[in-house]
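All remarks here apply to the structure that follows.
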Amino acid sequence: MQRYIVPNNLPEDFRDVEQSSVVGTDMQGYDLTHYVLAERLLQVEYASIRDQIRNEASSDTLTYILEGGFRGFHKYSSGEQWQEWKDGAEQKWYQLYEDGELPWEPYEEDPIAIRDHAKRKENNATI
């Protein structure tokens, strides 16, 4: 019986900190961990692909990812994440959030999700 040997071509993990390590503080003063930042970057990228597919014949972003592979934001170094975040993703994420256009709810440990949960709990307690 012939065995198939899986090639070792998975993208390298360049994460240089623990997932719970704070990478930086966003424009609203929230400390973002490596994991939370990766999740926010995923939301921005997904929304970009979604919007391209809605409005164009194809998505250049999706084509780029499928052609060349994509390491994934969770495997980015903290510096790579922060650079991506400050290069327009931060403003885009907050715009999507304010417009109610995030593709899914923020990660449960995202400071925004924690704040929103506390507000909902407070509002329900006062009703």
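The values are calculated or read from the model by the stated rules, or taken from the named source; none is laboratory data. Just so it is clear, the structure is predicted and the values come from calculations on it, not from any experiment. Glycine also receives a Cβ, built like all others from the backbone with ideal geometry; neighbour counts cover every protein chain displayed.
Identify, please: which residue in the stretch 48-105 is in contact (Cβ under 8 Å) with a residue 12 or more places away in the chain and of a type in the set (Asp, Glu) and is, among those, nearest to HIS34 (Cα to Cα)?
GLU80
Does ALA89 qualify as being among the aliphatic types (A, V, I, L, M) and modelled with pLDDT of 95 or more?
Working: among the aliphatic types (A, V, I, L, M): yes; modelled with pLDDT of 95 or more: yes.
Yes: the conditions hold for ALA89.
Does the stretch 2-15 contain at least one residue that is modelled with pLDDT under 95, of a type in the set (Ser, Thr, Tyr) and either in contact with a Pro (Cβ under 9 Å, 6 or more places away or on another chain) or surrounded by 16 or more Cβ atoms within 10 Å (Cβ to Cβ) (or both)? Working first, answer last.
Within the stretch 2-15, the first condition is being modelled with pLDDT under 95, and the residues that meet it are 2-15.
From what's left, of a type in the set (Ser, Thr, Tyr): 4.
Then keep just the ones that are either in contact with a Pro (Cβ under 9 Å, 6 or more places away or on another chain) or surrounded by 16 or more Cβ atoms within 10 Å (Cβ to Cβ) (or both); that gives none.
The answer is no, given that none of the residues of the stretch 2-15 is modelled with pLDDT under 95, of a type in the set (Ser, Thr, Tyr) and either in contact with a Pro (Cβ under 9 Å, 6 or more places away or on another chain) or surrounded by 16 or more Cβ atoms within 10 Å (Cβ to Cβ) (or both).
Considering the stretch 82-103 alone, what residues qualify as being within 11 Å of the chain's Cα centre (by Cα) and assigned to a loop (DSSP other than H, G, I, E, B)?
If we filter the stretch 82-103 for residues that are within 11 Å of the chain's Cα centre (by Cα), which is where we start, we get 84-85, 89-90, 93, 102-103.
Across the stretch 82-103, the qualifying residues are LEU102, PRO103.
Sort out which residues of the stretch 17-64 are in a loop (DSSP other than H, G, I, E, B) and at pLDDT below 95, and write them in order of number. Working first, answer last.
In the first step, residues of the stretch 17-64 are kept if they are in a loop (DSSP other than H, G, I, E, B); the result is 17-21, 26-30, 56-59.
Result: VAL17, GLU18, GLN19, SER20, SER21, GLU56, ALA57, SER58, SER59.
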